[in-house]
Amino acid sequence: MKHTLSVLVEDEAGVLTRIAALFARRGFNIESLAVGPAEQAGISRITMVVPGDDHIIEQLTKQLYKLINILKVQDITDVPCVERELMLLKINASTAMRAEVIEIVNIFLALVVDVGEQSLTIEVVGEPGKMVAIVQMLTKYGISEIARTGKIALTRESGVNTEFLKLRALAAKK
């Protein structure tokens, strides 16, 4: 199972290196990593997607707390969250295919951010599932480059679990 960890750290040189070294020493993979300033000056938020069962994640959390500059580690996998990711895609799109590609881009509420003679560069922002879906739809045109930020997430103060709501809406349609 994949777990999403939200880690608050002091914004000091070497923090990310120490975290990466911890994961490397333990033989764990980080599938997604996003780092940026948090709400308080001098604090950064690291959002990681890590494969592993609950026991492994518990051990990783304990190991992270042993590192200096780690302020808080939270497994937000099963907590209602707002999750987003940014992806840029360069699509092979001749003049004849552009209308089709732009139609797909519009359906996904994405943006064309650059137009070349034989390509379009698309910006997509949304939940990780949206990224997978648009890549599937655009693959037939030829994707020459992809750049993704990795998932970022914040817990929902409302406590509303949108995954639960999506499943409920699907069940109602049947």
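Entry remark, region 30-46: residues being buried (at least 17 other Cβ atoms within 10 Å of the Cβ) and over 19 Å from GLY14 (Cβ atoms) number 1 in total. Only residues that are of a type in the set (D, E, K, R) and assigned to a helix (DSSP H, G or I) were counted across region 93-147, and they come to 5. In region 106-122, of all residues being polar (S, T, N, Q) and under 10 Å from ILE91 (Cα atoms), the one that is surrounded by the most Cβ atoms within 10 Å (Cβ to Cβ) corresponds to SER119. With respect to the stated conditions, VAL160 fails to be surrounded by fewer than 17 Cβ atoms within 10 Å (Cβ to Cβ), more than 30 Å from VAL7 (Cα to Cα), outside the structural domain of ILE46 (by TED's automatic domain parsing) and hydrophobic (A, V, I, L, M, F, W, C). Against the criterion of being among the polar types (S, T, N, Q), on the phi > 0 side of the Ramachandran plot and surrounded by 15 or more Cβ atoms within 10 Å (Cβ to Cβ), ASN92 does not qualify.
The values are calculated or read from the model by the stated rules, or taken from the named source; none is laboratory data. Predicted model, so just to flag it, every value in this text is computed and none were measured. Quick reminder, even Gly has a Cβ in these numbers, built from the backbone with ideal geometry, and neighbours come from all protein chains shown.
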